[in-house]
1. Within straight cross-link reach of Lys101, meaning Cα distance under 17 Å, which aspartates and glutamates are found once same-chain residues fewer than 8 apart are removed?
2. For the chain, what does the relative contact order come out to in percent, with C-alpha contacts under 8 Å and a separation of six or more?
3. What FRET efficiency would be calculated for the residue pair Glu107, Asp79, taking the C-beta separation as r and a Förster radius of 35 Å, to the nearest 0.05?
4. Which of the aspartates and glutamates could be linked to Lys28 by a straight reach, that is with a Cα gap under 15 Å, when you skip same-chain ones fewer than 8 residues away?
5. Can you give me the Kirkwood hydrodynamic radius for the range 60-107, using every pair of distinct Cα atoms, in Å to one decimal?
6. How do Arg55, Arg104 stack up against each other in accessible area, from largest to smallest, with a 1.4 angstrom probe?
7. Applying 1/(1 + (r/R0)^6) with R0 = 22 Å to the Cβ-Cβ distance of Ser62 and Glu88, what FRET efficiency is obtained, to the nearest 0.05?
8. How big, in percent, is the set of alpha carbon pairs in the range 15-60 lying more than 11 Å apart?
Amino acid sequence: MSNFTLSDLAAIIRDRAHSGDPGSYTAKLVAKGPSRCAKKFGEEAVEAVIAATERNAADLTSEAADVLYHLLVMLEAADVPLDAVMDELEGRTRQTGLQEKASRPAE
């Protein structure tokens, strides 16, 4: 098991996004703004879905890595820290999804 975490990746992305390095894909993508980052994330998500439906584990592994990377790039471009997302997820684990859904006001 790797000790590499999403927090590690988020820190690398944050550093590269603001490095000004013309050779950095991350810096170029973030410079294009949140909308472009979101579009790229969506493209990668679709590719992951295709790999999953085709039951191709190797492709799904690769596409899942792309999805996680592009999600973190999108968050960085939108100034949303990974810690905020992790706090949201932690809060959601205090009850089951069905309990949370049942607690919502009726529409």
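The values are calculated or read from the model by the stated rules, or taken from the named source; none is laboratory data. In this text the structure is predicted, and so the values were computed from the model without any measurement. Heads up, the Cβs are rebuilt from the backbone with ideal geometry, glycines too, and the neighbour counts pull from every protein chain shown. SASA here: full protein model, heavy atoms, side chains in, ligands and nucleic acids out. Shrake-Rupley method; radii C 1.70, N 1.55, O 1.52, S 1.80 Å.
1. Partners found: Glu88, Glu90.
2. Numbers: 74 pairs, mean separation 27.5, N = 107.
This gives 26 percent for the chain.
3. It comes to 0.65.
4. Hits, sequence-local ones excluded: Asp15, Glu76.
5. Working: mean 1/r = 0.0772 Å⁻¹.
It works out to 12.9 Å.
6. Ranked list, largest accessible area first: Arg55, Arg104.
7. Working: r = 27 Å, r/R0 = 1.23.
Here the calculated transfer efficiency is 0.20.
8. 67
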